[in-house]
1. Can you give the log10 of the normalised intensity I(q)/I(0) at q = 0.20 Å⁻¹, computed with Debye over equal Cα scatterers of the range B:156-197?
2. Compute the accessible area per residue over chain A, keeping the other protein chains in place, probe 1.4 Å, unit Å².
3. Which shape class, rounded, prolate or oblate, goes with the range A:1-102 when its Cα gyration tensor gives a ≥ b ≥ c as root eigenvalues, a/c under 1.5 marks rounded, and past that a/b bigger than b/c marks prolate?
4. From the Cα trace of the range A:127-181, what convex hull volume per residue do you get, rounded to a whole Å³?
5. Could you sort out which of A:Lys151/B:Lys151; A:Lys55/B:Lys17; A:Lys23/B:Lys23; A:Lys94/A:Lys151; A:Lys17/A:Lys94; A:Lys17/A:Lys192 sit more than 30 Å apart by Cα distance in this structure?
6. Using a Förster distance of 51 Å, how high is the FRET efficiency between B:Asp191 and A:Arg6, based on the Cβ-Cβ distance and rounded to 0.05?
7. Which whole-number percent gives the relative contact order of the range B:1-54, counting Cα pairs below 8 Å spaced six or more residues apart?
8. When chain A is treated as a GNM, springs tying every alpha-carbon pair under 10 Å, which of A:Gly168, A:Gly130, A:Gly152 comes out with the largest mean-square fluctuation?
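The values are calculated or read from the model by the stated rules, or taken from the named source; none is laboratory data. Owing to the predicted nature of the structure, the values given are computational and were not obtained by experimental measurement. Here the Cβ positions follow ideal geometry from the backbone for every residue, glycine too, while neighbour counts run over all protein chains shown. Accessible surface is based on the protein model in full, side chains and every heavy atom, while ligands, DNA and RNA are left aside. Shrake-Rupley method; radii C 1.70, N 1.55, O 1.52, S 1.80 Å.
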2 protein chains.
Amino acid sequence: MTISTRKERQKEELRAKILQTAKELFIEHGFEQTSIRNIAERIEYSPTTIYLYFKDKDDIFHALHLEGFILLNQYFRALEHVSDPFERLKAISKSYINFAVENGEFYDLMFINRSPINSINKEDAKWEEGKRAFGFLTGTITECIEKGYFKGMNSEVLAFTVWSMVHGVCSLEIRNRCDVISEENRQDLSDKACAMIIEIFERMHPKAIQ
Amino acid sequence: MTISTRKERQKEELRAKILQTAKELFIEHGFEQTSIRNIAERIEYSPTTIYLYFKDKDDIFHALHLEGFILLNQYFRALEHVSDPFERLKAISKSYINFAVENGEFYDLMFINRSPINSINKEDAKWEEGKRAFGFLTGTITECIEKGYFKGMNSEVLAFTVWSMVHGVCSLEIRNRCDVISEENRQDLSDKACAMIIEIFERMHPKAIQ
DNA sequence: ATATTTTACTTAACGGTGTAAAGTTAATTA
DNA sequence: TAATTAACTTTACACCGTTAAGTAAAATAT
């Protein structure tokens, strides 16, 4: 019994080590430079050993993808105590962009890169953490609507649109499409866009304008 | 004279053929499946011949990237006659999303894929068409502000934010991140989000609300 | 008219990728 | 003690982008 549990533990440890190494390479050098062979070399196993622990490369990045969503939900959990839904909505927007700025490679993997999505379609993988994050936004917007904000709007479509707004900012930054912006505004562009998005929220309910 | 001009013409023709073939493969099978070797096979030349016409793979996709921007500007040119800037802004948003839906692979190349950007940084390539497209948006927003819309906002930052909004919608769709949305709303999600964005514009200036 | 150079292209090769099949060695079970 | 299983490696396949060296024909120079 103790031997077989030790073996199981060791298997689990190697799996974790592969994932940890993939994560390191990935954060240091990005997705493209993280190859099965690179990972294998760093953990001092042959490349094919990795296939005993993960179905394929997409499977590895799907696991990291999940880690990313768990991390994002940690960012969000800190906002659960914000009782006013409109304030929470603004806080979510800021926090989302912060997450992207602070975890660029993760963000790319979660919302831009195609690799982890291949894996989801393959093996109907649990997408729970992703739904939780989006649910937090949708729920907040539903509460906003109940309080009289965004009158008559569909909460899910609005949630998607709000997500699109912040995702747009993050992905244009991460994928380097901001060269058209003047040098002056390119400095801290994400922050400026974030402030602009919040300003848009505020202007949408007329009574809030002083 | 006639011989050398013919030769020049033939060189130009082969360059165009490479580009045309790359475009076909790229639209049919996407970026990943479009390799130098695939292109070469289809035009019945050796792979290395392509390097006599293009610096590298990024260079080919940078050329297609430019084609994409020319096409986008054609979409936009049709809106130049819309005299009211606020109407034009709404039309630009619709048109931008239409462009993305109708030219998915091009859109991906222009605003998501990293390949063409590598090439821009390498050889400070002319980015004129990209600037023209963004300039059209910025100009329209500047006119809006002059007419009393979006009072007190910075036109360039607002232009970037509007771009982020529509880009967010398009890129989440193209990169398949919309599974979290309920089946009901996932149908024509881009259209719904586009309508929502326009609704947001309208709610931003209080007097327009009936 | 012959020799040289240039042009346009190809062959071969390097170093990299993901991944599958077959082989090996040691531990476990029969 | 023999058969089986587990864990891992070696080898190999089919790709990829790209470079260096080679070739044959055309253009130019002598």
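1. Rounded to two decimals, the profile gives -0.62.
2. Details: 10440 Å² over 210 residues.
Each residue of chain A exposes 50 Å² on average to a 1.4 Å probe.
3. Values: a/c = 3.83, a/b = 1.89, b/c = 2.03.
The shape class here is oblate.
4. Numbers: hull volume 5.2 nm³, N = 55.
Once divided by residue count, the hull of the range A:127-181 is 94 Å³.
5. Values: A:Lys151/B:Lys151 22 Å; A:Lys55/B:Lys17 40 Å; A:Lys23/B:Lys23 35 Å; A:Lys94/A:Lys151 23 Å; A:Lys17/A:Lys94 33 Å; A:Lys17/A:Lys192 40 Å.
Checking Cα-Cα distances, A:Lys55/B:Lys17; A:Lys23/B:Lys23; A:Lys17/A:Lys94; A:Lys17/A:Lys192 exceed 30 Å.
6. Values: r = 57 Å, r/R0 = 1.12.
About 0.35, to the nearest 0.05.
7. On the way: 26 pairs, mean separation 15.0, N = 54.
The normalised contact order for the range B:1-54 reaches 28 percent.
8. Looking only at A:Gly168, A:Gly130, A:Gly152, the biggest GNM fluctuation is shown by A:Gly152.
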